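Engineer: Handing you a structure now.
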Amino acid sequence: MSERPASTAEPRQRWRLVVARSAGAPELAQREVAEGWVAAIGDAGLPVAWTEGARSRPRIAFGAPLPIGMAANAELIDVVLTERWPVWRLREALADRLPAGWSLVDVQDVWLAGPPLAGRVAAAEYRVVLAGDVPIDRLRDCAVELLAAPNLPRSRPRGDESVEYDLRPLLLDIAIEDGPPVTLRTRTRFHPELGTGRPEEVVAALGDRLGAQLEASSIVRDRLVLVEDLP
């Protein structure tokens, strides 16, 4: 879908695809992921609308970048069409054309004139499986202490340097589930100025509070949380 079609039909429908990426999917950067989805949607024959202007592009929007190599259960992609398609036709068209390692979980016919998807994604929920023998009761206490802390000074690498930041305003919730293995569920914020709360940083902060290094054996992004879904 590299060239704009001759037709300039008006947008008629917006479908929201809920998609999952397996742990064994190719490890691609977000740009490559987006290109793969644009190609798949084009190959499926969907009548995708295009933006106006000199740099016109297909109206396909992604909820939030997914870290390279991370599995996900409910990523969001909005596709605007110039025709109204029933759900069965959409599913049938996409069935055998999804990018490698991806699957279609659900499709939602959302309001065409609603706000852009990217601006509505406020947070993400992650499921982290911890490796080794973890003192679960003490870990729960540490989670409570992190949520009660007024600030959580941290540093993250940026190129050859490290940047100081406060994790606390990016951390919305932590829950510890019984094991084995012990599983951590956390919700972190996407903030336009402060950045993104990363699950591995939550694990590191818990480890610092616990006084022992914690290791994640797997991290899955369970879902993206829209502004209207936050309490």
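All of the numbers you see were taken from the coordinates with simple rules; none came from a lab. Just so you know, these numbers come straight off a predicted model, no measurement behind them. When we count neighbours, we look across all protein chains shown, and the Cβ atoms used for this are built from the backbone with ideal geometry, even at glycine.
Engineer: Once each part is reduced to its C-alpha centroid, what is the distance from the range 174-231 to the range 24-98 in angstrom?
Structural biologist: When both Cα centres are located, 27 Å separates them.
Engineer: From the backbone phi of the range 114-131, what are the Karplus-calculated ³J(HN,Hα) couplings (6.51 cos²θ - 1.76 cosθ + 1.60, θ = phi - 60°) in whole Hz, Gly and Pro given as x?
Structural biologist: Running phi through 6.51 cos²θ - 1.76 cosθ + 1.60 with θ = phi - 60° gives x, x, x, 4, 4, x, 9, 7, 9, 7, 9, 10, 10, 10, 10, 8, 8, 8 Hz.
Engineer: In degrees, nearest 10, range 0 to 90: what is the angle between the Cα axis of helix 136-148 and the longest Cα principal axis of the chain?
Structural biologist: Approximately 70 degrees, to the nearest ten.
Engineer: What residues from the range 33-56 fall in the zone where the backbone N is under 19 Å from a label point 7 Å along the Cα-to-C-beta line of ALA95?
Structural biologist: Counting backbone N atoms under 19 Å from the label point, the list is 40-47.
Engineer: Can you run phi through the Karplus equation (6.51, -1.76, 1.60; θ = phi - 60°) for the range 160-167 and list ³J(HN,Hα) in whole Hz, with x for Gly and Pro?
Structural biologist: Karplus values, whole Hz, x for Gly and Pro: 8, 10, 10, 10, 7, 7, 10, 6.
Engineer: I need ILE41, ILE60, ILE68 ordered by Cβ neighbour count within 10 Å, fewest first.
Structural biologist: The most exposed by this proxy come first: ILE68, ILE60, ILE41.
Engineer: May I ask you to order 171-180, 215-224, 12-21 by the average number of other C-beta atoms within 10 Å around their residues, highest value first?
Structural biologist: Highest-to-lowest ranking by the protection proxy: 12-21, 215-224, 171-180.
Engineer: Would you please state which residues of the range 185-204 a label at ILE68 would reach in this model, taking the label point 7 Å out along Cα→Cβ and a backbone N cut-off of under 19 Å?
Structural biologist: 196, 198-201
Engineer: I would also like to ask the following. Let's test the formula: R0 of 35 Å, r as the Cβ-Cβ distance of GLU177 and ARG84. What FRET efficiency results, to the nearest 0.05?
Structural biologist: 0.25
Engineer: Convex hull volume of the Cα atoms in the chain, per residue, in Å³?
Structural biologist: 156 Å³
Engineer: Could I ask something else about it? Residues with amide H under 5 Å of LEU214's amide H, sequence separation 5 or more or different chain, H placed in the peptide plane at 1.01 Å from N; which?
Structural biologist: GLY207
Engineer: Could you tell me the convex hull volume per residue, in Å³, taken over the Cα atoms of the range 132-230?
Structural biologist: Convex hull of Cα atoms, per residue: 124 Å³.
Engineer: Thinking of the range 15-60 as a set of Cα atoms, what percent of all their pairs are more than 13 Å apart?
Structural biologist: 66 percent
Engineer: Now, a different point. Let me have the relative contact order for the chain, percent, based on Cα pairs under 8 Å that are six or more residues apart.
Structural biologist: Reported as a whole number, the value is 24 percent.
Engineer: Here is a further query. Taking only the alpha-carbon positions of the range 13-114 and ignoring solvent, what does the Debye formula give for the base-10 log of I(q)/I(0) at q = 0.24 Å⁻¹?
Structural biologist: Here log10 of I(q) over I(0) equals -1.46.
Engineer: What does the extension gain come out to for SER217 and GLU27, with contour length at 0.36 nm per residue minus their alpha carbon separation?
Structural biologist: Extra length from SER217 to GLU27 when fully extended: 66.7 nm.
Engineer: Given R₀ = 30 Å, what would the calculated FRET efficiency be for LEU226 paired with ALA131, taking r from the Cβ atoms and rounding to 0.05?
Structural biologist: Working from the Cβ atoms, E equals 0.40.
Engineer: Here's something else I'd like to know. Using θ = phi - 60° and the Karplus curve 6.51 cos²θ - 1.76 cosθ + 1.60, what whole-Hz ³J(HN,Hα) does each residue of the range 196-213 get, with Gly and Pro shown as x?
Structural biologist: Each residue of the range 196-213 in turn: 10, x, 9, x, 5, 6, 5, 4, 5, 5, 5, x, 4, 5, 6, x, 8, 6 Hz.
Engineer: Assuming 0.36 nm per residue, please report the length gained on full extension of the stretch VAL144 to GLU161 beyond their Cα-Cα distance.
Structural biologist: 3.0 nm
Engineer: Within a Cβ distance under 12 Å of VAL105, other residues only, what is the Lys/Arg minus Asp/Glu net charge?
Structural biologist: +1
Engineer: Can you list residues whose amide H is under 5 Å from VAL107's amide H, if they're 5+ apart or on another chain and H is modeled 1.01 Å from N?
Structural biologist: VAL18
Engineer: Could I ask something else about it? Please list the non-local residues whose amide H lies under 5 Å from the amide H of ALA64, H modeled 1.01 Å from N, same-chain partners needing a gap of 5 or more.
Structural biologist: LEU76
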